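The values are calculated or read from the model by the stated rules, or taken from the named source; none is laboratory data. Remember, predicted model here, so these are calculated numbers, not experimental data. When we count neighbours, we look across all protein chains shown, and the Cβ atoms used for this are built from the backbone with ideal geometry, even at glycine.
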Amino acid sequence: MRIVGGKYRNRRLHPPHEMEARPTTDFAKEGLFNVLQHSVPLEGIRVLDLFAGTGNISLEFLSRGAAEVISVEQDRDLFAFMQRTARELNENGWRMVKGDVFTFLGSHRGQYDVVFADPPFQLDGIDRIPGLVRDAGLLGTDGVLILEHHEKTDVSALPGYQRTRRYGTIHFSFFGA
C-alpha cells in the first residue's frame, strides 16, 4: 500500500500483518483522486475520514494539501498504527478519534469540505451513513460525502446522491449537502 500523489507520493505504508481491514486499493484510490483534483480544491480543506482503517485515505488527503484530517477508527491496532505513522511523518494536521463511527456521528459537530466513509462491506447500516452525516450538519455548503462500497450495494436512491464512480468491484458514491 502506498500514497499515490502529493508530498508523500510513493511512500509505502506497512500496517500490522494481522489487521482485518480492507485498505482501498492503489488503483481505486488513484482513480478517486483523479476525479477529486478536477472537482474539489484539495489545498487547505478539512476532511473527516470515517472507518479510517490504516489511515491510507487520510494520508492521501494530507499529502495533497488538506489542512486538517480527522480520522475515526474503532480498532485498537489500526488506531495505534495511524498514531505511529503521524508521529513518523511529523504530520500536525492529522487528528484521530478512537471510537465507533455511528456513535461519533451522533455527537460530533463541525463542518467539513469532504467526508469520506469506507465502512466494512458487510456492515449493517451502510445506507444510514449519508443521512447521519447530513443530519449532523457535517458537510459545508459545497461539501461532499464520498461513500466507498461494494458493487452489490446500491445507494443511488438515498437523499443527496449525485453519482457513482466504479473501479473494479469498488464503487465511490458521491453525495451533496
field: Members of the stretch 3-29 found to be at negative phi, buried (at least 16 other Cβ atoms within 10 Å of the Cβ), outside any loop (DSSP other than H, G, I, E, B) and in contact with a helix residue (DSSP H, G or I) (Cβ under 8 Å, 6 or more places away or on another chain), listed by number
entry: Y8, K29
- prompt: Which of the residues that make up the stretch 30-60 are under 9 Å from the mean Cα position of the chain (by Cα) and not in a loop (DSSP other than H, G, I, E, B)?
  reply: V47, L48, D49, L50, N56, I57, S58
- request: For V97, work out the one condition from (1) at negative phi; (2) out of contact with any strand residue (DSSP E or B) (no Cβ under 7 Å at 6 or more places or on another chain) it doesn't fulfil.
  value: (2)
- request: Determine the pairs where a residue that is farther than 23 Å from F104 by Cα, located within the stretch 70-91, has a partner that is in a loop (DSSP other than H, G, I, E, B) with Cβ atoms under 9 Å apart, the partner being 6 or more residues away or on another chain.
  value: L89/R11
- line: Subset of the stretch 120-132, residues crowded, with 19+ Cβ neighbours inside 10 Å and farther than 21 Å from D75 by Cβ, comes to P130
- prompt: Can you name the residue in the stretch 84-116 that is within 22 Å of Y8 (Cα to Cα) and among the hydrophobic types (A, V, I, L, M, F, W, C) and, of all such residues, is nearest to the chain's Cα centre (by Cα)?
  reply: F116
field: Residue satisfying condition, being farther than 28 Å from R2 by Cβ, touching a Gly at 6+ places or on another chain (Cβ under 9 Å) and surrounded by 15 or more Cβ atoms within 10 Å (Cβ to Cβ), within set Q111, Q162
entry: Q111
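Mind listing whichever residues of the stretch 149-162 are at pLDDT below 95 and in contact with a Phe, Trp or Tyr (Cβ under 9 Å, 6 or more places away or on another chain)? Working first, answer last.
First, the residues of the stretch 149-162 that are at pLDDT below 95: 149-160.
Within the stretch 149-162, H149, H150, K152, T153, V155, L158, P159, G160 qualify.
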- request: Take the stretch 163-177 and flag every residue that is touching a residue at least 12 places away in the same chain (Cβ under 8 Å) and over 15 Å from F33 (Cβ atoms).
  value: R166, G168, T169, H171, S173, F175, G176, A177
- prompt: Among L138, L105, L147, which is surrounded by 17 or more Cβ atoms within 10 Å (Cβ to Cβ), on the phi < 0 side of the Ramachandran plot, free of Cβ contacts under 8 Å to residues at least 40 places away in the same chain and of a type in the set (A, V, I, L, M)?
  reply: L147
